[in-house]
Amino acid sequence: MTVLVTAASRHGATQAIAREIARQLRAAGRSAEVLEPEAVDTLDGVDAVVLGSAVYRGRWLPEARNLAARLEPDLAHRDVWLFSSGPVGEPPRPTDDVADATRAGRLTHAREHRVFAGRLDLSCLSRGERLGARRLHAGDGDYRDWYEIRCWATRIAGQIASDHDTDSGPEGPGTHPDHEPIEERHP
């Protein structure tokens, strides 16, 4: 069972989450590959996908949105989990739903969408992004909860193993009767 982990990241924080998810999947005995969304041309040989994106101004980055649209038919026949990274501060804000992730969840029949807190380095942001961060009263800091990320990845690995062991239908991955519709999970 091969899992593709791909995430759109502007300053590297979301890509680090993707690498950690893949590391946890490998630790649980799954084969996992990390690629940037624009490097994904096909899902041949991929059984499951974890797709994520940094969130700016309430939107996924174009690379993640484009991947979901481009590979929609192939994603719909695989197990898919989505994650967003972006809320910052104490408590993390904004907490609004990410419309792009909800749309991608419907397109791909994703099992779940998870929102993780992000990292904020004001020195890396554009002027407009810094103004947005100020409106949120968020300062520099790494707000990512690595324990939460690792637990989620481990849970995905367990779901993949469980589905792989019990899926005997001709439909293959993504059609197991225990699959639940996408649910939003926030930190």
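The criterion of being modelled with pLDDT of 85 or more and in contact with a helix residue (DSSP H, G or I) (Cβ under 6 Å, 6 or more places away or on another chain) holds for Leu107.
From the list Val50, Val46, the one residue that fits, being part of a loop (DSSP other than H, G, I, E, B), out of contact with any His (no Cβ under 9 Å at 6 or more places or on another chain) and surrounded by 17 or more Cβ atoms within 10 Å (Cβ to Cβ), is Val46.
Anything in the stretch 69-82 that is more than 19 Å from Thr2 (Cβ to Cβ) and of a type in the set (A, V, I, L, M)? List them, or say none.
Step one: of the stretch 69-82, the residues more than 19 Å from Thr2 (Cβ to Cβ) are 69-70, 72.
Once the filter is applied, which keeps residues that are more than 19 Å from Thr2 (Cβ to Cβ) and of a type in the set (A, V, I, L, M), the stretch 69-82 yields only Ala69.
Of the residues making up the stretch 61-70, not a single one is assigned to a helix (DSSP H, G or I), without any contact (Cβ under 8 Å) to a residue 40 or more places away in the chain and touching a Ser or Thr at 6+ places or on another chain (Cβ under 6 Å).
Yes/no matrix, rows are residues, columns are (1) at pLDDT below 70; (2) in contact with a Cys (Cβ under 7 Å, 6 or more places away or on another chain); (3) over 24 Å from Gly58 (Cβ atoms):
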position	(1), (2), (3)
Gly128	no, no, no
Leu136	yes, no, no
Asp142	no, no, no
Ala153	no, no, yes
Gly158	no, no, yes
Thr166	yes, no, yes
Thr175	yes, no, yes
Pro181	yes, no, no
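Applying the set (1) assigned to a helix (DSSP H, G or I); (2) within 16 Å of the chain's Cα centre (by Cα) to Val5 leaves exactly one unmet item: (1). Filtering the stretch 107-123 to residues that are in a loop (DSSP other than H, G, I, E, B) and over 17 Å from Gly141 (Cα atoms) leaves His109, Ala110, Arg111.
The values are calculated or read from the model by the stated rules, or taken from the named source; none is laboratory data. Only a predicted model underlies this, so the values are computations on that prediction, with no experimental measurement involved. For neighbour counting, all protein chains shown are included, and Cβ atoms are generated from backbone atoms with ideal geometry for every residue, glycine included.
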